[in-house]
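What follows is calculated from the coordinates using simple rules that are stated; it is not laboratory data. All figures in this text were calculated on a predicted structure; none of them were measured in a lab. Note that we place each Cβ from the backbone using ideal geometry, even for glycine, and neighbour counts take in every protein chain shown.
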Amino acid sequence: MTSDPLMLLAVAGVFLLAGLVKGVIGLGLPSIAIGLLGLFLPPAEAATLLVLPSLLTNLWQAAWGGALPLLLRRLAPLLLGILAGAAAAALAGLGLGAGGVQAARQALGLALLLYGLLGLSERRLTLPPRAAGWAGGACGAATGLLTAATGVFVLPAVPYLQALGLERQALLQGMGLSFSASTLALALTLSGHAALGAAQLGTSALALAPTLLGMALGQRLRLPPLLFRRVFFLSLLLLGAHLALAARG
């Protein structure tokens with residue numbers, strides 16, 4: 001990535017905002033970061049910047065609480081499915097680092113648009129316990145494919161986690177586990193296309209400071225959660241539409 005001061009300032013601002021959103025609602029770091037960075041960087045390059053901030057903050061989120069051993073067993077099909085789906089995407093040449101910039105940007109825009117629409121609908125699915133295993137594997141595989149192709153981690157993993165009926169802290173931990181697996185899957189996919197190496201990881205490490213500062217600020221804000229979520233999803237919808245339409249042009 002360029003060492004232009006304005007570009008570095010823009011990247012720091014994106015991660016500060018993405019960290020703030022995650023601090024308030026427990027998710028949104030990858031979607032906000034890769035969506036905004038995708039406005040002025042190739043999506044594969046944006047994804048490399050995301051790797052360390054996303055991995056470390058989500059491991060922290062996953063570890064914060066007493067349900068981790070139980071969640072690891074319960075969510076094993078989802079987590080293994082994410083890794084398998086990303087591996088299949090890489091073998092099929094669908095990774096972010098494999099295709100053209102415009103195609104990757106359009107795929108990213110469409111994924112954000114779909115996520116925004118789903119979030120604004122505020123629909124919550126329910127899943128019978130007997131279906132949780134196979135549904136977790138299927139949702140994990142789909143999430144892994146989408147992660148490898150677009151860098152967006154949330155679909156359909158987050159709706160699946162919500163359908164399990166977990167209490168809030170366990171849900172946050174579950175999302176941390178899912179996003180950690182997706183980050184690892186993305187890193188492996190980028191490495192396979194020679195888009196992620198020591199230099200890119202070093203640059204990604206620089207994004208940790210604004211991300212953690214944003215999270216700390218977000219955790220101290222007292223905002224109406226429902227209003228904040230609606231603004232968040234509306235912003236993703238508009239950002240996704242802009243990326244998808246601009247890529248077509």
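Observations on the structure shown:
- Hits in the range 167-197 (condition: of a type in the set (A, V, I, L, M) and either closer than 13 Å to GLY65 by Cα or under 16 Å from the mean Cα position of the chain (by Cα) (or both)): ALA170, LEU171, LEU172, MET175, LEU177, ALA181, LEU184, ALA185, LEU186, ALA187, LEU188, LEU190
- Residue that is among the small types (Gly, Ala, Ser), within 14 Å of GLY35 (Cα to Cα) and not in a loop (DSSP other than H, G, I, E, B), where the choices are ALA241, ALA209: ALA241
- Every residue from the range 119-138 that is surrounded by 15 or more Cβ atoms within 10 Å (Cβ to Cβ) and either under 15 Å from the mean Cα position of the chain (by Cα) or of a type in the set (S, T, N, Q) (or both): GLY119
- The range 177-234, residues that are surrounded by fewer than 18 Cβ atoms within 10 Å (Cβ to Cβ), touching a Gly at 6+ places or on another chain (Cβ under 8 Å) and aliphatic (A, V, I, L, M): ALA194, LEU213, ALA216, LEU217, LEU221, LEU234
- Within the range 1-23, considering residues that are among the β-branched types (Val, Ile, Thr) and buried (at least 22 other Cβ atoms within 10 Å of the Cβ), the one farthest from GLY214 (Cα to Cα): VAL11
- Answer residue from the range 31-60, given it is over 14 Å from SER182 (Cα atoms) and not hydrophobic (A, V, I, L, M, F, W, C) and is surrounded by the fewest Cβ atoms within 10 Å (Cβ to Cβ) among those: PRO42
- Residue within the range 187-196 that is farther than 28 Å from LEU145 by Cα and assigned to a helix (DSSP H, G or I) present: no
- Pairs meeting the criteria (first residue in the range 47-72 and without any contact (Cβ under 8 Å) to a residue 24 or more places away in the chain and within 18 Å of GLY165 (Cβ to Cβ), second residue among the aromatic types (Phe, Trp, Tyr) and buried (at least 16 other Cβ atoms within 10 Å of the Cβ), beta carbons under 9 Å, at least 6 apart or on different chains) are lacking.
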